[in-house]
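Quick notes on the structure that follows.
The values are calculated or read from the model by the stated rules, or taken from the named source; none is laboratory data. Remember, predicted model here, so these are calculated numbers, not experimental data. Heads up, the Cβs are rebuilt from the backbone with ideal geometry, glycines too, and the neighbour counts pull from every protein chain shown.
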Amino acid sequence: MSDPQEALEGLVDSIGDALVAVDRAGCVTRLSPRAEALTGLSAKDARGKLLSEVVHIVAAEDRGTLDDLVARALRGEAVARSPGAHALLVTKGGTERAILDTAVPVRDSSGAVAGALLLLRDTGPERAAEEERVRLQAQLVFSERMASMGTLSGGLAHEINNPLASVLANLALLEQELAKVLPDTEHTRDLLEAVAEAHRGADRVAQIVRGLKVFSRGLDERRQPLDVARVAEQVLHLLSNELRHRARVVRDFEPAPQVEASEAHLGQVLVNLILNAAQSIPEGEADRNEVRVSVRTGPGGDVVLEVSDSGAGISPEVLARVFDPFFTTRPVGSGSGLGLSICHGIVSSLGGRIEAESTPGRGSAFRVTLPPSRGEVAPPPPRDESAEPPRGRILLVEDDPLVARAVRRTLAREHEVVLVESGRAALQALAREKFDLVISDLMMPEMTGMELHAELLRTHPEVAQRMIFVSGGAFTDAAREFLRRIPNPQIEKPFDPQQLRDLIRRVLST
């Protein structure tokens, strides 16, 4: 019987793929001609060197996978990298080649493991190009799916906001009026507490829906002064289910200036950073991990937003590429590799910068620095509670009866409110009667609030100027452009009834 080592060397020399033989200690004993070409070392020069000194892999996690394959082969297993999970090897000329690797044990005549044989299958330029095409196609499908989800969430938010606006307005009215009409008894206090708890629960739903709207308004590029901590709070509510099983959430919000940004874009940055932080931590250890979101003022007056975690951390090789487009360490379908590069683009467009720090095994921190807004929004003047509010005759244009009745109940003590269910009915009412103010839903069948405004600009320009628009979510391009362009007051469903009263007061006082 021939010596197993001689047989192994003959096999290595006869196969066209890159084959590397190692002994029990993991030192190279033989290279095939193809392996010599890829590594740039002759079989003679490679003999006796550690595998890591001969086969140079770009990414640390791929290096770890290769070493694990060899270690398992030396324990007697035949193992391979998952199909499609390629490693990048640096060739003799310094270029990168995609490879698949497989390791099998080599046994001596007694059956004991004497070494391992590592097969490096060069996918070649044509195969690499095809796989890149498939990868980009998968990413395109993923991006289109995410865009569809954004549109769906916008429509869903709109549908939820109508009944939610009715629930919140009626609960607020009950809280306010029950205390006036019921005797002060223990039963009354229990009823009022039940209403207050229902109100708090509905408010939580409203905060989740606001987060959905931030996520869905991907095309809304309208910049305005924003409170970063407020947007962060909305996103944390949106992602609370993803976070709660992985880590404690620590909010560290210090006083800071507003920034000039699109709420949708700032929300997108926060969604990406907080999701990445959450997904770096395995589920089931929430009490041992944390995701910290902090907002503070930097030394030069800039606003500093930081998202840090106690997760797995990022290796230096990967950290250097985290903002590269399409770079991802996740399998296809689990991420597009675009999230952090999009964050980088958004932050740069706002005149800011984004930086990352990480220590493997000790977590990561992503720091966003943004210039302060040049147009801080002044707080509204304090309301004079003693002054009698101006009483007005209001035309409410709302196609949802639940919302319409709730708004009328909210305003009935201070104003005369006339309800109509469509834009066309509103035009007919305005042709017959005089109104001090029009409150109109933005999205309605047959004639939208936008179309009603356009017709009133032509026929009753003074009325068009005294319109307040109520929206459950401007999720179409036309609606977003309309709200950007007009100077009229706007309020989003579900709204705080007092906020609506104050807005009406200001319009009637002008």
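Identify the residue in region 359-397 that is modelled with pLDDT of 90 or more and touching a Phe, Trp or Tyr at 6+ places or on another chain (Cβ under 9 Å) and, among all such residues, is surrounded by the fewest Cβ atoms within 10 Å (Cβ to Cβ).
Initially, region 359-397 is screened for residues modelled with pLDDT of 90 or more, giving 363-372, 393-397.
Pick out the ones that are also touching a Phe, Trp or Tyr at 6+ places or on another chain (Cβ under 9 Å) and you get 393-395.
Values: Arg393: 14, Ile394: 24, Leu395: 23.
Filtering first and then ranking leaves Arg393.
Which residues, taken from region 412-459, are farther than 25 Å from Arg391 by Cβ and hydroxyl-bearing (Ser, Thr, Tyr)?
Going residue by residue through region 412-459, those that are farther than 25 Å from Arg391 by Cβ are 422-424, 442-448, 450-451, 454-455, 457-459.
Listed by number, the residues that qualify are Ser422, Thr448, Thr459.
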Members of region 406-444 that are crowded, with 19+ Cβ neighbours inside 10 Å and among the acidic types (Asp, Glu): Asp441
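If a residue has to be charged (D, E, K, R) and at pLDDT below 90 to count, how many in region 442-464 make the cut? Write out each step before concluding.
Our first condition is that a residue be charged (D, E, K, R); within region 442-464, this holds for 446, 451, 455, 458, 462.
Keeping just the survivors that are at pLDDT below 90 gives 446.
Residues meeting the conditions: 1.
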If Pro401 satisfies all but one of (1) surrounded by fewer than 18 Cβ atoms within 10 Å (Cβ to Cβ); (2) within 22 Å of Thr510 (Cα to Cα), what's the number of the condition it fails? (2)
Taking only region 397-420 into account, find how many residues are outside any helix (DSSP H, G or I) and either on the phi > 0 side of the Ramachandran plot or in contact (Cβ under 8 Å) with a residue 40 or more places away in the chain (or both). 6
Would you confirm whether any residue within region 177-190 is in the same structural domain as Ile346 (by TED's automatic domain parsing), at pLDDT below 90 and outside any loop (DSSP other than H, G, I, E, B)? no
Go through region 18-56 and count every residue that is free of Cβ contacts under 8 Å to residues at least 40 places away in the same chain and of a type outside the set (Gly, Ala, Ser). 15
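If a residue counts only when it is surrounded by fewer than 17 Cβ atoms within 10 Å (Cβ to Cβ) and modelled with pLDDT of 80 or more, which helices (runs of 4 or more DSSP H) contained entirely in region 1-119 have at least 1 such residues? Give the derivation first.
Values: elements: 4-14, 33-39, 43-46, 51-54, 60-74.
Answer list for region 1-119: 33-39, 43-46, 51-54, 60-74.
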Every residue from region 241-270 that is under 13 Å from Val293 (Cα atoms) and not β-branched (Val, Ile, Thr): Leu243, Ala247, Arg248, Arg251, Asp252, Phe253, Glu254, Leu270
